[in-house]
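The values are calculated or read from the model by the stated rules, or taken from the named source; none is laboratory data. Values in this document were obtained by computation on a predicted structure and should not be read as measured data. A quick note on method: Cβ atoms are made from the backbone with ideal geometry, for glycine too, and the neighbour counts reach across all protein chains shown.
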Amino acid sequence: MKIAGAQGVTRSRLPLIAMMALAAGIGLAGCDGDSVNDVAAGPTGPTGPVGPTGPTGPTVPPTVPIEDGGPVTIGDGTTLTADEIAQIGGLVATIDSATLSAAPAPVVEFTVKTVHGGPVLGLAPAVTRFMVSKLVDDPAGRESSRWQSYVNRSATPSADGPAVLANAIQANTETAAAARWVELGSGRYRYTYAVDLDSVTAPIAVAYEPALTHRVGLEIRMSGAAEELAPDNPVKDFVPSGGAGSGAKLVAATENCASCHVRFDLHGGPRRTNEYCVTCHNPGTVDPDTGEDLGMAYLTHSIHLGEARGEPFKVWGFTGEFDFSEVTYPQSTLFCETCHTQSASSPDGDDWKTKPSTAACGACHVEGIRKTGPDAATGRYTYRFQHSTFDFAAADVDCVGCHRPGGAAGDILATHQKPVFDSGNRNIRFSVERGRDFSYEIRGVTNAVAGMAPTVRFRILDKGVPVDVTSLTAADGQLTLGLAWSTKDFHNVADLSTGVLAGARGRSLVIDLIANKAALVADGDGGFSYTLASALPAGVNGDVMATLYGRRQFADDSHAYPQSAVFFPGGKRQELVSQQKCEKCHEFVEAHGGSRAGNPMMCNACHNSSGGWAAEGYGPIAFGAFAHNLHAGKIEEIGEITYPQSPSRCEACHLEGTYYAARTDALAISTDAGPDQDLVADGIQNQNLFDDTWDSATAGTCGTCHDSGPAKAHMEQNGGAFGVAGGKSLTPSSATEACAVCHGPGRAVDTARVHAQ
């Protein structure tokens, strides 16, 4: 026998046949008809040696969870379960290279991963769309460079639209086809465009200029619930001829927009970045229904001007009319730098100062804009501007002839910074910037307890120079000292036994320092002291907040909005919202005509739990409920507000972890002043809280957004209260609310986690 290996034993065929023949012979000669089983077996032979180890078989890789960077096969998204979509979390796409094939047609190689870094496999070609544009520069340097798409279409009006134009040119994207698609593995793909850059003639001719900067980009438009996975749009700039190109061209970086919008979610979701949007929204893209220019500058300025625009801006889309005439912008539109600032990501961010055009600036200054076209060969309008005193008939880009330093119309930035416009209106931008020259300081507060008259030391600086407050008159503006008190929730109640407020409803104790300047005592270093004429009432039984605020007014009728000062003699109160976050949208937080500006903490002095003006259309004016209602556009007296992001993103305003529930010692929120048992003492209207209606602290704040019947019923079942009659108590209401049991940090329905979904 022969041992072949460790996998088993085999025997040579010839010895086996010989053995069989031998056995047959033995049987015939010696068995005499007996069965072969009757023959005794021979002894077992010795075991042979063990053979060498065979080759190792293939190893099955362990399954890596998606959340840990494991791969996922995605297709067009329709086969993904809700759990898989949640595990993926989002896609990240990057363009690795961009070249030209012989056509010449762009060839891009790109990578798609999950947000956890795992490769995305089996991506369906049809869910991706690609664009390619060139950057056309103005050789005269008057006009800002512009993108021109090689892929365009001739769009016709919608069936139910106004049909201002029979057709209009629109930049477009190219949907990927399987024939030009290669999956390279590990989440990498290659796509070859169908468009031949050298022969673009329809619907408009676009010449191939290889010495210019070209940009390619893509979007991923998944289907069904997977649509939300769309990544930010990657783009890549390259110069086909290999030269210097024509620049980078971006006047507004996506991160600037993110200050208010956080993340774009346009055209069904997959168009998210300015760098991508500008390549389709280039000059020459027009809406045939309304005839409006959809170029990025004209479109964006028109949208953001919104309700302040002289002519309503409306465009038509695949799903009907989009009316932007009710958009509200949260700061002065004269702060062009909010969106346009030169940086590495927006190298042309300062073009608005040096390269004005009717097409860009006219979207805001719309009353004088005149246009003809669009031109059949380019799709573009020709613009000119009708000034108040003359018709400027020169080309669109000739604005720089006058609107420049030393020009007849002057420097553009300086014009935006005028104290008062030619129309006589005050310039809010000037007021904010001039306000930054002032510094309001509260340097100390003593005797801020019930039964004593507190003394407040303060100083005001103008460009670092102390202001003699005793020289100010009413013509110089306003200067107010405010005092508010509380346990842990401001209420300004003078008499705890009767619930009577120290001042008018929803106001701190206020002192006009200009009217009372005779009582000011100079401190010798440019500062002053003021001592209240009377002692604080018995209701002062906790923390005290002093505020110093007021706008300045000048001889030319312009204003300054200085930042208010806030001081806590007993230690700073916990902040819930951030001034820095507010100013991402608002540039500078100012209210009440600029007399109260800056730190939102001071707003609590008047916007406290005891203010409720339902009859006047304000509802509760406690700061939390009021701010929520304000941003949701629910305050009748103020009118509709458009909020530029999801209201569920609490940390747009709040500091981390400050939005789960009201403090356990927070008072109930007054929602209506009731019959108002008014008392008049010393000319101040006092109002009794004990006939108010009220909401409990957490429910009254969260219920401003979660205002459905089932949501309110759920809160009431768990200790919340809404519209309770019979008078507000000064006993904290939040301690009875069980919201944090389920909605607290790390709990089953954690507010931060659920809102993030």
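Numbers below:
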read-out: Checklist (1) surrounded by 16 or more Cβ atoms within 10 Å (Cβ to Cβ); (2) charged (D, E, K, R); (3) more than 20 Å from residue 481 (Cα to Cα) applied to residue 590, failing item; value: (3)
read-out: Odd one out for residue 315 among (1) aliphatic (A, V, I, L, M); (2) under 30 Å from residue 433 (Cβ atoms); (3) in contact with an Asp or Glu (Cβ under 8 Å, 6 or more places away or on another chain); value: (2)
read-out: Residue in region 740-757 that is under 19 Å from residue 495 (Cα atoms) and either modelled with pLDDT of 85 or more or not in a loop (DSSP other than H, G, I, E, B) (or both) present; value: no
read-out: Residue that is in contact with a Leu (Cβ under 6 Å, 6 or more places away or on another chain), closer than 24 Å to residue 77 by Cβ and buried (at least 22 other Cβ atoms within 10 Å of the Cβ), where the choices are 128, 213; value: 128
read-out: Boolean, residue 724 is at pLDDT 90 or above, more than 28 Å from the chain's Cα centre (by Cα) and surrounded by 16 or more Cβ atoms within 10 Å (Cβ to Cβ); value: yes
read-out: Test result for residue 126, part of a loop (DSSP other than H, G, I, E, B) and in contact (Cβ under 8 Å) with a residue 40 or more places away in the chain; value: no
read-out: Residue in region 312-324 that is crowded, with 22+ Cβ neighbours inside 10 Å, hydrophobic (A, V, I, L, M, F, W, C) and not in a loop (DSSP other than H, G, I, E, B) present; value: no
read-out: Hey, residue 397 aliphatic (A, V, I, L, M), crowded, with 20+ Cβ neighbours inside 10 Å and in contact with an Asp or Glu (Cβ under 7 Å, 6 or more places away or on another chain) or not; value: yes
read-out: Total residues in region 530-575, condition within 20 Å of residue 666 (Cα to Cα) and basic (Lys, Arg); value: 2
read-out: Matching residues in region 559-603 - criterion: being within 21 Å of residue 417 (Cα to Cα), among the hydroxyl-bearing types (Ser, Thr, Tyr) and touching a helix residue (DSSP H, G or I) at 6+ places or on another chain (Cβ under 9 Å); value: 561
read-out: Test: residue in region 490-508 that is surrounded by fewer than 17 Cβ atoms within 10 Å (Cβ to Cβ) and farther than 23 Å from residue 730 by Cβ; value: no
read-out: Test result for residue 409, in the same structural domain as residue 368 (by TED's automatic domain parsing), at pLDDT below 90 and either touching a His at 6+ places or on another chain (Cβ under 9 Å) or assigned to a loop (DSSP other than H, G, I, E, B) (or both); value: no
read-out: Criterion: in contact with a strand residue (DSSP E or B) (Cβ under 8 Å, 6 or more places away or on another chain), surrounded by fewer than 20 Cβ atoms within 10 Å (Cβ to Cβ) and at positive phi - qualifying residue of 242, 269, 247, 306; value: 247
read-out: Residues (closer than 16 Å to residue 666 by Cα and either among the charged types (D, E, K, R) or surrounded by 14 or more Cβ atoms within 10 Å (Cβ to Cβ) (or both)) located in region 727-757; value: 728, 729, 730, 732, 733, 734, 735, 736, 737, 738, 739, 740
read-out: Which numbered condition residue 337 fails, given (1) buried (at least 16 other Cβ atoms within 10 Å of the Cβ); (2) assigned to a loop (DSSP other than H, G, I, E, B); (3) within 23 Å of the chain's Cα centre (by Cα); value: (2)
read-out: Enumeration of residues in region 445-465 that are in contact (Cβ under 8 Å) with a residue 24 or more places away in the chain, part of a loop (DSSP other than H, G, I, E, B) and among the polar types (S, T, N, Q); value: none
read-out: Selection count, region 232-266, where residues are of a type in the set (A, V, I, L, M) and without any contact (Cβ under 8 Å) to a residue 12 or more places away in the chain; value: 3
read-out: Residue ID - farthest from residue 551 (Cα to Cα), chosen from residues in region 476-501 that are among the hydrophobic types (A, V, I, L, M, F, W, C) and over 41 Å from the mean Cα position of the chain (by Cα); value: 496
read-out: Members of region 466-504 found to be modelled with pLDDT of 95 or more and either aromatic (Phe, Trp, Tyr) or not in a strand (DSSP E or B) (or both), listed by number; value: 467, 468, 469, 470, 471, 472, 473, 474, 475, 476, 478, 479
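Conditions (1) modelled with pLDDT of 90 or more; (2) within 16 Å of residue 696 (Cα to Cα), marked per residue:
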{"site": "582", "(1), (2)": "yes, no"}
{"site": "585", "(1), (2)": "yes, no"}
{"site": "593", "(1), (2)": "no, no"}
{"site": "612", "(1), (2)": "no, yes"}
{"site": "627", "(1), (2)": "yes, no"}
{"site": "630", "(1), (2)": "yes, no"}
